[in-house]
Amino acid sequence: MFFLLPYRVKNPWKQFPYATVSIIGLNVLVYLFTTQYLLVINESVLNNYGCSPGATPVYTLFTSMFLHADIMHLAGNMLFLWVFGPPVEDRLGPWLYLLVYFAAGSVGTFAHAMLGASLSAKPVPVIGASGCISGVLGAYWYMYSWSKVCVAYLVWLFIVYVRAGIWEVEAAYIIGLFFLMDVLQGMLGRMAADSGGVANFAHVGGLIAGALFCLALGVKRDTEYVSEAKAMQSDIKDLSMMPLHALLTMLEEDPCNPEILRAMVRPAASLNQLDVLKKAVAAAGAELIDRDPKFVAYYLLDLRGDPRIYQSFHLLRLAGELERLGSPEQAIAIYKMIVSMYPGSADCEAALFRMAQCYWRYWRDAVSAKNCLRDLASQFPNGTMTPYGRMLWNEISAQSQH
């Protein structure tokens, strides 16, 4: 005999799983109001809101997904949802995740109605989120087949042999094992007639549905190398301590991830492979300016990155973001870069004016500000920013005399 309990996946998620947490909270709340002394479900609730094959109203297809027979039924389901749900939600997004969750649960209930009822001696009303959560498992199996899953196990043979430990295994194998166990138990008719029974074919149908929904939606699948890199990230925590090849693999999933790009600086510098970092930053494109302008400034100014990967208006936007974030020195350095690289352009004109504003606004440096305004007037005598430059010149002159 054996017992398996997955308790962790080495697959870090980026966004907080609001949908998963909401589902868990709602299931717990329903359990509090539908059980006797928080131990077992009320028989009246089971009869009125559980979904019996071919014998209950349509709405029970939905209500049954939030009912649980006892505290162990609830705890087991919610643990599986918490372990496997967040990475699935992270990739699908909350709304599509909820759609897959409830659609898979509905398919699981129909599978039980068609197969479970005919193979068991007594039909079992379907209650619990197992079909929905099996759909999440199916989606996880499809998207993250090579992801590492940590499983606590207990093996025993009467009292002669007992062994417990932790097993780290790929998701494809552990989820596949659960799938086969449900198929075998369902075929053997191990479903009781009371609320303690297990609707194995609801699990089977939900899992298959979750995987097929993701296939139909064309959801991205992680390669074995990406899964290995994520497992390493999960163990190490500090991305900068990861090897360069693992970070490059992680970039395949999110080429514009500033955390990974920042982490690449250390290993790339130690291996004298900054060209690899420069190629990665170039591949990230201008979106990186919006996601992490300070890193882009660090890359351009400290690492001497090639500014030609950006157009002039990208650099102008970068300088504006740096001002907003309280880094006027870096903003001025970017403005100077625009002036030297794109002389005579409209963005050069804007850069000269903004640079004058920076000198005056942050340091009251009238000399530097006026030098910028002189360049503005000489290079763009009829420019759109020239009138504003004269106004700023007059303001500086008036306040400098006091």
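Computed from the coordinates by the stated procedures, all read-outs in this text should not be read as laboratory data. Given the structure is predicted, the values throughout are model-derived calculations rather than measurements. Virtual Cβ from ideal backbone geometry, glycine too; neighbours counted across all protein chains shown.
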Notebook entry, point to check: How much FRET efficiency would the formula 1/(1 + (r/R0)^6) give for ALA172 and MET341, where r is the Cβ-Cβ distance and R0 is 45 Å, rounded to 0.05?
Noted result: 0.35
Check: Can you list the equivalent-ellipsoid semi-axes of the chain, largest first and in whole Å, using the square root of 5 times each Cα gyration tensor eigenvalue?
Finding: 61, 24, 17
Check: So how far apart, in nm, are the two label points at ARG361 and ASP235 if each is 7 Å from Cα heading toward Cβ?
Finding: 4.9 nm
Margin query: Based on alpha-carbon centroids, what's the gap between the stretch 317-363 and the stretch 38-77 in Å, whole number please?
Written below: 64 Å
Check: For a paramagnetic label modelled at 7 Å from the Cα of TRP13 toward its Cβ, which residues of the stretch 140-155 fall within the zone defined by backbone nitrogen distances under 20 Å?
Finding: 140-152
Checklist line | Relative contact order %, the stretch 311-402, counting alpha carbon pairs below 8 Å whose residues are six or more apart | finding: 21 percent
Next item on the list: Go through 243-254, 374-385 and give me the packing order, highest mean Cβ count within 10 Å leading.
Entry: 243-254, 374-385
Item checked: Cα-based Rg / Dmax (Å) for the stretch 311-402 -> 12.4, 41
Checklist line | Length released on extending from ARG291 to ARG308, taking residue separation times 0.36 nm less the Cα-Cα span | finding: 4.2 nm
Check: At SER44 and ALA377, where each label point lies 7 Å from the Cα along Cα→Cβ, what is the point-to-point distance in nanometres?
Finding: 8.8 nm
Next item on the list: With an 8 Å cut-off on Cα pairs and a minimum separation of 6 or more residues, tell me the relative contact order of the stretch 38-92 in percent.
Entry: 35 percent
Check: Gain in length, THR223 to GLN399, computed as 0.36 nm per residue apart minus the alpha-carbon separation, to one decimal in nm?
Finding: 57.0 nm
Item checked: Whole-number percent relative contact order across the chain, with pairs defined as alpha carbons under 8 Å at least 6 apart -> 13 percent
Margin query: Between PHE3 and GLN273, what is 0.36 nm times their sequence separation minus the Cα-Cα distance? Round to one decimal in nm.
Written below: 92.4 nm
